[in-house]
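The values are calculated or read from the model by the stated rules, or taken from the named source; none is laboratory data. These numbers come from a predicted model, not from an experiment. Neighbour counts are summed over all protein chains in view; Cβ atoms, including those assigned to glycine, are modelled from backbone coordinates with ideal geometry.
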Amino acid sequence: MGRISKFLGNPGARPDVSHRAPIVSCGQDDEFDDSKEYHNDAMVRVISNSDESTDEELCKVDLTANGAIFTSKGFTGLRKGFTDKSLDFLVRVAGSQVVFIIIWIIVIIWIVIGIVYSAPFNWQVVMQDGQSIQSYVWDTLLMRQQLMSTHEQILVCGRLRSRLASFKNFLTRSSPGDGKKEECTIQANEIDSLENHIDSSVVAGELPVENWYDRLSNLASKYMGSISAMAIFWCGIFVWIGCGAIPKDAGNTPPYTGETSGSNPRMKKFSDTWQMYINTAVAVSILICSTFLQNLRARHDDFIGKFLIGIFDMDEKIDYHIRRHFNDFETPHAIITVKAEKRSTARKAIDWYADIIGTGVGVAIGVVVFAVWIGIGAPLKWNDNWWLIIGTYTGLVGFLDGFILREVYFRIISHEEQNYAEVAREDLELFQELGLECPEEFTAKPHQERDTLSYKISHFINKICSDQWSVLASILIIILLICIASGLRWSTTGQLIANTPTMIIEEFFLLVLLQAHNWADRQRRVEVTALYARRHILLAYVQKRFPDVLALEK
C-alpha cells in the first residue's frame, strides 16, 4: 500500500471517497453508432476537463471488457501498489474453478490415505494444520475481497451519480432556440420488450447457471448458508459432546492421546482422541465452506461486472447524445463525494486489524510465523506438539478473524447498499420529472423473503454475531484459552483445548457469513439489473427526444 511508512500510519483509515465521471469526447462519433457493439475499456474515448491538481485528489475507477474493476486508490485512501495488485489477483484466482477442483482433489487424496493407514493421529493433525493454514490465507483474501468490493461499488455509484447530475441538468432545461423542452414518451410495448429481454430469474437476483460447477456452487451456498444448516451443525456438536462422556474399550493398544494406560487401558472421558474427531470433521467442513464462499464471491463479481459494462456503455451513449444536441463537450460532470461513516473507537480498532489482515502486512506476518514454525521442527523432533503448534496459532487467529470478518462485512455492506439506494432514488426522481414510467420490478426494492420468519430469525443471529461486542468477547475467549493451554504447558491436550472451541465457533461464523453474503449479493444483483433496465429506458428516451443526433451520426 504505497510506502511502508505511509501504510503504518494509515491502517484503519476510511477517508471520504471523491470521484468525477469523465465526459465523452466529441471527436469519436463513429464509435457511438448504436448498431455497433461497444466496450467501455476503450478509455481513449473519454476525457476529463478538470485541472490536474483536482484530478490528483479524486479516486479513479476503470472497468475492463471482462467486467473487472480497477481503482487508483485503495480503501484506506492510499494509491495501490504492487502488493495490492498482487493480492487482488490472488483473490480472483482463489475463487476460480481450478482452485475449487484442486482442493477437492486434496480432500479425496487425504481420505484415501486415511482409509489405507487406518486414520492415524498425525493423519488427522495434517488435515487440521492444512485447513488452518488455508483458512489463514483465505481470511486474508476474503477480507481483502470484502473491503475492495465495497470500495469499488461505492466508486461505481459515484460515477453513476456524477453523470446522473449532468443528465438531470441538461434534460430538465430548455433546448437552445425553442424556448421549451421537448415532449417525449416511451411506448408501453418498448418497456414490455425490455422486460422480455431480461430474464426473470436474473431480475430476481439469481446467479446464472452455465454448468455443473455453477449448479453445485449455488446449491451448496443455498443450503450451507441457511438456518437449517446452522441448526444441524449445533445438533451435531451436542451429540459429539454427549459421546465424549461415554468411555469405550480401546483394546490393548493405547490411542494416540498422550495418556497413561494400565493393563486394561480405556479411553478417558473427553479424551484427546475425542477432541481430534471433532477437530478433523470441522476442519474438513471449514475447508469446503471457505472454498464455496470464495467461489460464490468470484461468480457474483463476474455477474455484476458484466452488467456494469452495459450500464457504463449506456451512460456514455446518453452523455454523448445529450452533449451533441446541446453542443457542450466542455462542462465537466459534478464531483461526487461519499462521506466516510462515523465510527466508534472500537470500530476504528477493528478496521485497523482488518487492514492488517487484508494487506501485505498480514501476509508478511504469516510468512514469518510459518518460517519460525518450520525452524523449531528439528529441536522438537517433529513430534505431535510441533504438528499442533501451527494449527493452534492459525486456529486462534482464525477464530478472531471470523468475528472481524462478520463485523466488518455487516457495516460495509450497509454502506454499499445506501449508495445503491441513493442511485435508485435519484434515477426515479429524474424519471418522475421527465414523466417516464418505471416498472415496479425495476425499482430495486428488497426481496419479499425479508418478511419471512426464517429471514427474521437468521437476521437476528447475524446481527448478534456482527456486533462489536462480539469481537471483544472473542478476544476474552482467546485470552482464557491461552491461559488454560499455558497451565497445561502447551501439551497435546492443552493445544487441543485451545483448538476445539475456536474451530467450532469459526465454522459456525463461516455459515453465518455465507448466509450474509447470499442475502447481500442477491440484493446487489437485483439493484444492478434494475439499474441496467432503467438505463435502457433513459437511453430510449434520449434517442427519441434528440433524433437530430441520430441523423448526424448516420
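General remarks:
- Flag for residue 428 being under 17 Å from residue 163 (Cβ atoms), at pLDDT 75 or above and buried (at least 17 other Cβ atoms within 10 Å of the Cβ): no
- Here the stretch 307-364 is the region considered, the condition is being part of a loop (DSSP other than H, G, I, E, B) and small (Gly, Ala, Ser), and the residue that is modelled with the highest pLDDT is 334.
- The set of residues in the stretch 201-253 being surrounded by fewer than 16 Cβ atoms within 10 Å (Cβ to Cβ), modelled with pLDDT under 75 and closer than 30 Å to residue 385 by Cα consists of 247, 248, 249, 251, 252, 253.
- Every pair of residues 6+ apart whose Cβ atoms lie under 8 Å, when the first sits in the stretch 467-489 and is within 14 Å of residue 397 (Cβ to Cβ) while the second is among the small types (Gly, Ala, Ser) and part of a helix (DSSP H, G or I): 471/346; 474/402; 481/498; 482/498
- Neighbours by Cβ (under 8 Å, 6+ apart or cross-chain): first from the stretch 420-431, under 17 Å from residue 159 (Cβ atoms); second assigned to a helix (DSSP H, G or I) and among the aromatic types (Phe, Trp, Tyr): 430/167
- Leading residue by the ranking (modelled with the lowest pLDDT) among those in the stretch 76-100 that are among the hydrophobic types (A, V, I, L, M, F, W, C) and surrounded by 12 or more Cβ atoms within 10 Å (Cβ to Cβ): 78
- Single match in 336, 309 (criterion: over 21 Å from the mean Cα position of the chain (by Cα) and either β-branched (Val, Ile, Thr) or at positive phi (or both)): 336
- Taken over the stretch 257-276, the criterion of being surrounded by fewer than 17 Cβ atoms within 10 Å (Cβ to Cβ) and either hydroxyl-bearing (Ser, Thr, Tyr) or modelled with pLDDT of 80 or more (or both) is satisfied by 260, 261, 263.
- Being in contact with a Leu (Cβ under 9 Å, 6 or more places away or on another chain), surrounded by fewer than 18 Cβ atoms within 10 Å (Cβ to Cβ) and outside any loop (DSSP other than H, G, I, E, B) is a property that residue 386 has.
- Every residue from the stretch 466-490 that is over 19 Å from residue 402 (Cα atoms) and surrounded by 16 or more Cβ atoms within 10 Å (Cβ to Cβ): 485, 490
Listed here are the residues, each with its yes/no results for (1) within 25 Å of the chain's Cα centre (by Cα); (2) not hydrophobic (A, V, I, L, M, F, W, C).
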| residue | (1), (2) |
| --- | --- |
| 78 | yes, no |
| 105 | no, no |
| 116 | no, no |
| 123 | no, no |
| 130 | yes, yes |
| 133 | yes, no |
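- Among the candidates 391, 435, residue that is buried (at least 18 other Cβ atoms within 10 Å of the Cβ) and not polar (S, T, N, Q): 391
- Residue identified as surrounded by fewer than 22 Cβ atoms within 10 Å (Cβ to Cβ), under 30 Å from residue 128 (Cβ atoms) and either of a type in the set (A, V, I, L, M) or without any contact (Cβ under 8 Å) to a residue 40 or more places away in the chain (or both) among 281, 346, 340, 334: 281
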